[in-house]
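The values are calculated or read from the model by the stated rules, or taken from the named source; none is laboratory data. The model shown is predicted, which means the values in this text are computed figures rather than measured ones. When we count neighbours, we look across all protein chains shown, and the Cβ atoms used for this are built from the backbone with ideal geometry, even at glycine. The protein model used for the area step is the full one, side chains on, heavy atoms only, and it has no ligands, DNA or RNA in it. Shrake-Rupley method; radii C 1.70, N 1.55, O 1.52, S 1.80 Å.
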Amino acid sequence: MNIFSNTKALVLSVALTAGILSTSCGDGTSASNIQVPGVSNMSVTLVQDNVLISMVFDGLQLDGGLRYNIPKYPNSYLEISPDLASAGTLMAISVSLQDVFNTSLQQLNPATLPGGRSLPGVAGGKLPAVAFSIEKFKNMGFYLGPKVFGVFIPVKTLGIGTSIITARYYTGKDRIGNISLVGEDANGENAGILLMLDMSSTTQTQLKSVAKKYK
């Protein structure tokens with residue numbers, strides 16, 4: 001690749017990053033999250049003692065839905081189904097706080113992102129994890145550390161090359177963790193979204209407040 005091709009690729013990467021981050025800044029009273037290409041209506045709430053993470057994949061269509069048990073997380077599950085409000089697919093991940101604070105899960109083997117890259121924002125780049133695949137979503141990962149829970153969801157349509165873009169993740173004006181858009185690796189695989197949540201008591205209070213708004 002010549003210098004002109006390298007420069008063109010760099011300019012494209014910067015432009016993509018700027019566009020994705022264009023809604024990531026708040027005014028002190030509210031904050032917006034980064035845009036995830038191909039994904040809409042992403043939210044995180046606390047319903048009773050379960051963290052509910054939901055999002056719609058706009059370009060993915062399914063004829064029916066399924067519920068999957070999350071390995072090693074006996075009280076948690078992942079469900080995908082056709083979205084009632086669009087032609088896309090709804091993914092809902094229900095993670096029990098009972099599982100999150102189960103110290104035995106923190107003894108699982110530490111893992112990186114699928115493909116071997118370090119977890120962004122994590123000292124050492126690894127956390128205890130379980131990995132599994134379901135139809136349409138290969139190499140999902142669930143990460144757990146002291147008061148931290150993370151989930152990696154494969155997404156093929158990010159369009160950011162091999163970049164990894166990390167920003168704060170908010171509910172309303174409250175920061176509850178980080179979100180990373182993970183571009184494909186050197187083999188052209190393992191692109192996706194990494195959501196890392198602070199599971200301290202303060203964050204749980206914030207999530208409960210958000211959940212009340214949906215009642």
| query | Which residue, of Thr45, Thr112, is at pLDDT below 95 and on the phi < 0 side of the Ramachandran plot? | reply | Thr45
| request: Considering only region 192-215, state which residues are modelled with pLDDT under 95 and either small (Gly, Ala, Ser) or in a loop (DSSP other than H, G, I, E, B) (or both). | output: Met199, Ser200, Ser201, Ser209, Ala211, Tyr214, Lys215
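Rundown of residues vs (1) more than 24 Å from Thr171 (Cα to Cα); (2) charged (D, E, K, R), yes/no style:
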| position | (1), (2) |
| --- | --- |
| Asp49 | no, yes |
| Gly59 | yes, no |
| Leu66 | yes, no |
| Tyr73 | yes, no |
| Leu84 | no, no |
| Asn102 | yes, no |
| Leu105 | yes, no |
| Phe137 | yes, no |
| query | Among the residues of region 40-79, how many are open to solvent by less than 40 Å² (accessible area, probe 1.4 Å) and over 24 Å from Met199 (Cα atoms)? | reply | 3
| message | Among the residues that make up region 139-149, is at least one of them among the hydroxyl-bearing types (Ser, Thr, Tyr), open to solvent by 70 Å² or more (accessible area, probe 1.4 Å) and on the phi < 0 side of the Ramachandran plot? | response | no
| task | Restricting attention to region 37-79, report how many residues are out of contact with any Asp or Glu (no Cβ under 9 Å at 6 or more places or on another chain), free of Cβ contacts under 8 Å to residues at least 24 places away in the same chain and either outside any loop (DSSP other than H, G, I, E, B) or of a type in the set (S, T, N, Q) (or both). | result | 5
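When the residues of region 161-206 are filtered to those that are of a type in the set (Ser, Thr, Tyr) and more than 18 Å from Thr45 (Cβ to Cβ), which remaining residue is most open to solvent (accessible area, probe 1.4 Å)? Working first, answer last.
Narrowing region 161-206 to residues of a type in the set (Ser, Thr, Tyr): 162-163, 166, 169-171, 180, 200-203, 205.
Subsequent filtering for residues that are more than 18 Å from Thr45 (Cβ to Cβ) retains 162-163, 166, 180.
Values: Thr162: 95, Ser163: 31, Thr166: 64, Ser180: 3 Å².
Result: Thr162.
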| field | Number of the exception - Val151 against (1) aliphatic (A, V, I, L, M); (2) at pLDDT 95 or above; (3) farther than 18 Å from Ser96 by Cβ | value | (3)
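Considering each residue of region 161-204, count those that are of a type in the set (Gly, Ala, Ser) and touching a Leu at 6+ places or on another chain (Cβ under 7 Å), and give that number. Reasoning before the result, please.
Our first condition is that a residue be of a type in the set (Gly, Ala, Ser); within region 161-204, this holds for 161, 163, 167, 172, 177, 180, 183, 186, 188, 191-192, 200-201.
Pick out the ones that are also touching a Leu at 6+ places or on another chain (Cβ under 7 Å) and you get 167, 177, 180, 183, 191.
Matching residues across region 161-204 total 5.
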